[in-house]
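Structure first, then comments.
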Amino acid sequence: MLQPEIAATAEGLPVRFAPPILKFRKTPLKVIASSIRKGNVIEQDGKLYVVLSAENIHPGKGTPVSQIEMRRIGDGVKVSERYKTTDQVEKATVEDHNYNYLYEDGDGFHFMNNDNYDQVQVSKEIVGSSAPYLQENMTVKLSMHDGNPVAIQLPQRVTLEVVETEPVTKGQTASSSYKPAVLSNGIRTGVPPHVSTGTRIVVMTEDGSYVERAKD
């Protein structure tokens with residue numbers, strides 16, 4: 001009787017057969033809709049979508065739902081989907097790596113992997129509203145799918161300078177009533193009355209909202 005991997009030749013000498021090579025395809029992971037977060041990549045109808053925002057809504061009556069805003073990676077089209085929070089959604093397998101921001105040109109934004117010095121180009125559609133907050137040498141997290149960048153995550157906070165705002169009036173202190181201001185990256189936000197032009201402040205990259213005066 002022949003062994004599984006060995007057969008005999010006409011001369012009686014054994015010949016070893018190599019076992020077949022099995023190829024595995026990365027398959028999406030099924031998760032419930034309520035677990036989806038911004039930056040996740042969803043596979044739907046054979047296409048990939050990056051999640052722009054995800055909100056779980058619990059109405060007083062009725063079924064809780066997950067409202068998910070997404071952008072199709074192939075062409076940048078934005079779509080909005082509403083699922084029951086317990087619905088199964090296919091979450092694509094991505095690998096997150098840290099990259100340093102280098103520069104922007106007409107083709108997009110360029111980043112470098114600090115571990116192997118590989119450089120990657122990320123389209124303006126993928127960077128989206130994060131673009132104004134990118135700073136030279138900033139470390140960001142890029143989500144890669146089959147070697148291609150599909151989503152970007154910036155640090156939660158950045159330091160920027162106030163370049164335009166109303167002057168400080170003598171005697172003003174911190175107040176819940178913020179005044180409009182323009183930051184050095186062109187973003188408009190609200191700052192406390194005591195913050196003046198030239199002040200460096202910390203803001204959230206999520207929405208540009210004021211956090212505190214910079215300590216540097």
Q: Using R₀ = 45 Å, calculate the FRET efficiency as 1/(1 + (r/R₀)^6) where r is the Cβ-Cβ separation of A214 and T63; round to 0.05.
A: 0.50
**Q.** Cα→Cβ-extended label distance, 7 Å offset, between K38 and T197, nm
**A.** 3.1 nm
Q | With all protein chains modelled, accessible area of K78 [1.4 Å, Å²] | A | 150 Å²
Q.
Run the count for the stretch 37-174, please: Lys pairs, Cα-Cα under 17 angstrom, 8 or more apart or on different chains.
A. 8
Q.
Order Y178, Y210 by their accessible area, 1.4 angstrom probe, all chains in place, largest first.
A. Y178, Y210
(Q) Can you give me the Rg/Rh ratio for the stretch 71-216, using Cα atoms for both radii and the Kirkwood formula for Rh? (A) 1.07
Q.
Please state the shape class of the stretch 95-153: rounded when a/c is under 1.5, otherwise prolate if a/b exceeds b/c and oblate if not, all from the C-alpha gyration tensor.
A. rounded
**Q.** For Q44, residues with placed amide H under 5 Å, excluding near neighbours
**A.** Y49
Q | Centre separation in Å (Cα based) which lies between the stretch 133-163 and the stretch 70-106 | A | 14 Å
Q | By average C-beta atoms within 10 angstrom, highest first, the peptides 99-108, 113-122 | A | 99-108, 113-122
Q: Check cross-link reach from K30 to the aspartates and glutamates: straight Cα distance under 20 Å, and skip same-chain residues fewer than eight apart.
A: E43, D45, E55, E69, E81, D87, E90, E95, D96, D146
Q) By how many nm would the segment from S177 to K124 lengthen if fully extended, with 0.36 nm per residue of separation less the alpha-carbon distance? A) 15.6 nm
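The values are calculated or read from the model by the stated rules, or taken from the named source; none is laboratory data. Just so it is clear, the structure is predicted and the values come from calculations on it, not from any experiment. Reconstructed Cβ throughout: ideal geometry from the backbone, glycine too, with neighbour counts over all protein chains shown. Accessible surface is based on the protein model in full, side chains and every heavy atom, while ligands, DNA and RNA are left aside. Shrake-Rupley method; radii C 1.70, N 1.55, O 1.52, S 1.80 Å.
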